[in-house]
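Novice: One structure, pasted below without further comment.
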Amino acid sequence: MGKYFGTDGVRGVANRELTPELAFRLGRCGAYVLTKQAKRPRVLIGRDTRLSGEMLEAGLVAGMLSIGCDVIRLGVVTTPGVAYLTRALGADAGVMISASHNPFTDNGIKFFGPDGFKLSDETEAAIEALLEQPDQLPRPEGEGIGRVEDRPQEVERYLDHLKQTIDTDLCGLNLVVDCANGAAFELAPRLLRDLGADVIAICSAPDGTNINVDCGSTHPERLRREVKARKADAGLAFDGDADRLIAVDETGQLVDGDHILCICGGYLKERGNLKGDAVVATVMSNIGMFKALESKGIAVKKTRVGDRYVMEEMRRGGHNLGGEQSGHIIFLDHGTTGDGLLTALQLLQVMKETGQTLGDLARVMTKYPQLLVNVPVKDKNGLNGNEAIGQAVARAEELLGDEGRVLIRPSGTEPLIRVMAEGPDEETLKRCVEEIAETVKRELA
């Protein structure tokens with residue numbers, strides 16, 4: 001990670017760390033690096049429902065126009081929608097303004113190349129190098145200045161594409177959909193209704209400040225209650241930019257990304273459509289998922305935490321299914337990034353085709369108890385080589401033995417150290433995590 005780019009674009013508190021001035025400079029430098037081979041480049045820009053989105057969009061647009069790029073504004077749209085449309089419309093780059101599941105006070109800017117994939121480390125480094133230098137980039141005049149066009153109707157192309165990824169309708173399914181007051185607030189209910197489902201939409205009235213507030217994929221409590229109260233077949237929860245999906249079965253039990261990988265991985269393998277008979281997942285996935293997939297003859301390729309690392313391994317190894325426990329699932333045959341709407345359709349198709357309830361499907365894996373604590377710190381880099389923290393981790397690993405594990409890592413997007421322990425006994429996990437977390441606080445907070 002560089003000075004500006006983290007694991008998922010440039011993020012910060014809007015108007016403090018991520019200012020319109022920085023957005024302007026990112027617009028100029030990003031557009032220059034990504035489009036300098038084009039004679040009259042075009043860039044797509046989308047945003048979620050955060051209050052600061054329009055402010056940052058204005059800065060980005062001004063920067064790109066000043067470098068000679070034409071800009072197409074898509075309005076409120078999902079991150080995977082921007083990725084798909086960048087490629088489908090033949091644009092030279094795409095930009096999404098979103099901080100995903102973070103609070104509304106945060107925002108972020110993430111770039112996509114013309115192929116719809118997120119940028120490589122090398123490309124991000126090239127943009128950062130320009131940001132660090134005095135601005136000597138071109139400033140065209142007259143007709144060389146870029147133009148801006150509003151084309152929110154292009155989202156229909158994206159929805160049509162999603163509908164083509166499944167071979168069935170969704171008639172007969174009763175669904176509760178939590179839109180997180182975010183980018184999916186209008187798209188998700190419409191997509192599912194178009195395919196025949198009966199949909200109750202909740203958290204679908206964004207006001208600029210309520211995105212992710214006690215709702216969405218990181219807060220599914222209300223969704224669980226609604227599914228049980230309405231006797232729905234399933235619940236679907238997206239995050240702020242709808243690149244994640246967490247589901248709820250008919251009894252109100254959570255079906256997370258690990259369950260979804262097991263369900264969809266098994267379904268694809270049975271039909272001969274799982275490339276390499278393998279799934280790509282991060283080291284944070286539950287031990288139960290690894291065991292369930294291996295029992296089906298499906299190998300698991302493990303990566304560092306972060307969807308970009310999952311994607312890198314998928315492309316390197318020629319795999320078509322991968323993802324994270326958080327619900328960031330990549331179906332590479334249909335998209336170039338994690339996509340909550342796409343994942344929902346794939347999961348619902350398995351329900352329809354097999355005739356099984358989501359609860360029955362989720363029993364494919366037994367989830368091991370897993371305890372995760374986020375410890376706020378001043379300097380995440382202090383974790384490396386800290387002797388006291390290393391000793392606390394070693395004691396926990398000795399206590400858990402072969403049936404458990406400990407993972408400790410810095411967050412890629414927030415000033416946090418994440419401490420996770422997993423194993424068959426919850427009391428032992430609690431003791432392990434508490435000791436490590438206290439040590440991290442003492443050493444780094």
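The values are calculated or read from the model by the stated rules, or taken from the named source; none is laboratory data. Note that the structure is predicted; figures quoted are calculated from it, not measured. FYI the Cβ positions are ideal-geometry reconstructions off the backbone, even for glycines, and counts take in every protein chain you see. Heavy atoms of the whole protein, side chains included, go into the accessibility calculation; ligands, DNA and RNA do not. Shrake-Rupley method; radii C 1.70, N 1.55, O 1.52, S 1.80 Å.
Novice: Go through Pro114, Leu159, Leu170 and say which Cα lies farthest out towards the positive end of the charge dipole of region 43-181; charges sit on Cβ, +1 for Lys and Arg, -1 for Asp and Glu.
Specialist: Ranked along the dipole, the leading option is Leu170.
Novice: For Lys231 and Thr354, what is the calculated FRET efficiency with R₀ set at 22 Å and r taken between the beta-carbons, to the nearest 0.05?
Specialist: Rounded to the nearest 0.05, the efficiency is 0.60.
Novice: Calculate the all-directions average of the projected area of region 1-142's alpha-carbon convex hull, and give it in nm².
Specialist: Computed as one quarter of the Cα hull surface, the answer is 7.8 nm².
Novice: Would you mind working out the accessible area per residue for region 223-293, using a 1.4 Å probe, and quoting it in Å²?
Specialist: 32 Å²
Novice: Separation between the Lys378 and Asp121 pseudo-spin-labels, each 7 Å from Cα along Cα→Cβ, expressed in nm?
Specialist: Taking the two extended label points, one gets 2.8 nm.
Novice: Leaving out ligands, DNA and RNA, what percent of the accessible area of region 5-69 is carbon and sulfur, probe 1.4 Å?
Specialist: Its accessible area is 52 percent carbon and sulfur atoms.
Novice: Skip the ligands, DNA and RNA, and give the accessible area per residue of region 315-445 with a 1.4 Å probe, whole Å².
Specialist: It amounts to 46 Å² per residue over region 315-445.
Novice: Rg to Rh ratio, region 170-212, alpha-carbon atoms and Kirkwood radius?
Specialist: Value, to two decimals: 1.03.
Novice: Restricting things to alpha carbons, find the Rg to Rh ratio for the chain using the Kirkwood radius for Rh.
Specialist: Using only Cα positions, Rg/Rh for the chain is 0.97.
Novice: Also, I was wondering about something else. Calculate the dipole size of the chain relative to its Cα centre from +1 charges on Lys and Arg beta carbons and -1 charges on Asp and Glu beta carbons; express the result in debye to the nearest 20.
Specialist: It works out to roughly 460 debye.
Novice: Now for a different question. Set the Förster distance to 41 Å, then compute FRET efficiency between Arg193 and Ala58 from the Cβ-Cβ distance, nearest 0.05.
Specialist: For R0 = 41 Å, the calculated efficiency reads 0.75.
Novice: With the cut-off at 21 Å, tell me which of the pairs Lys269/Lys301; Lys3/Lys378; Lys110/Lys301; Lys296/Lys367 have Cα atoms farther apart than that.
Specialist: Lys110/Lys301, as the Cα separations exceed 21 Å there.
Novice: Hull surface divided by four, with the convex hull built on the Cα atoms of region 230-273: how many nm²?
Specialist: For region 230-273, the mean projected area of the Cα convex hull comes to 4.0 nm².
Novice: At 1.4 Å probe size, with the rest of the protein present, what percent of the exposed accessible area of region 160-214 is carbon and sulfur atoms?
Specialist: Answer for region 160-214 is 44 percent, counting heavy atoms of protein chains only.
Novice: May I ask you to list the aspartates and glutamates whose Cα is less than 13 Å away from that of Lys291, ignoring any residue fewer than eight positions away on the same chain?
Specialist: Answer for Lys291, where 13 Å is the Cα cut-off: Asp258, Glu403, listed by chain and number.
Novice: Which of rounded, prolate, oblate describes region 144-242, given a ≥ b ≥ c as roots of the alpha-carbon gyration tensor eigenvalues and a/c under 1.5 marking rounded, otherwise prolate only if a/b is larger than b/c?
Specialist: Oblate is the answer for region 144-242, as a/c is 1.5 or above yet b/c matches or exceeds a/b.
Novice: Please compute the length gained on full extension between Glu434 and Asp402, using 0.36 nm multiplied by the number of residues separating them and subtracting their Cα-Cα distance.
Specialist: 9.5 nm
Novice: In deg cm²/dmol, rounded to 500, what helix-only [θ] at 222 nm does the chain give when every DSSP H run of at least 4 residues adds -39500 (n - 2.57) and the total is split over its residues?
Specialist: -11500 deg cm²/dmol
Novice: Which three numbers, in whole Å and largest first, are the semi-axes of the equivalent ellipsoid of region 61-178 derived from its Cα gyration tensor as √(5λ)?
Specialist: 32, 18, 14
Novice: Per residue and in cubic angstrom, what volume does the convex hull of the Cα atoms of region 227-312 have?
Specialist: Per-residue hull volume (Cα only) is 116 Å³.
Novice: Roughly how many Å² is the accessible area per residue of region 1-116, as a whole number, for a 1.4 Å probe?
Specialist: Counting only protein heavy atoms, the per-residue value for region 1-116 is 32 Å².
Novice: Could you tell me the calculated FRET efficiency between Glu270 and Arg151, based on Cβ-Cβ distance and R0 = 35 angstrom, to the nearest 0.05?
Specialist: 0.30
Novice: Which value, in debye to the nearest 20, describes the size of the charge dipole of region 143-254 about its Cα centre when Lys and Arg Cβ atoms bear +1, Asp and Glu Cβ atoms bear -1, and nothing else is charged?
Specialist: Charge dipole, region 143-254, about its Cα centre: 400 debye, nearest 20.
Novice: With each label point set 7 Å from Cα along the Cα-Cβ vector, what nm distance links Gln164 and Arg40?
Specialist: 2.7 nm
Novice: In region 349-445, what percent of the accessible surface is made up of carbon and sulfur (1.4 Å probe, ligands and nucleic acids excluded)?
Specialist: 45 percent
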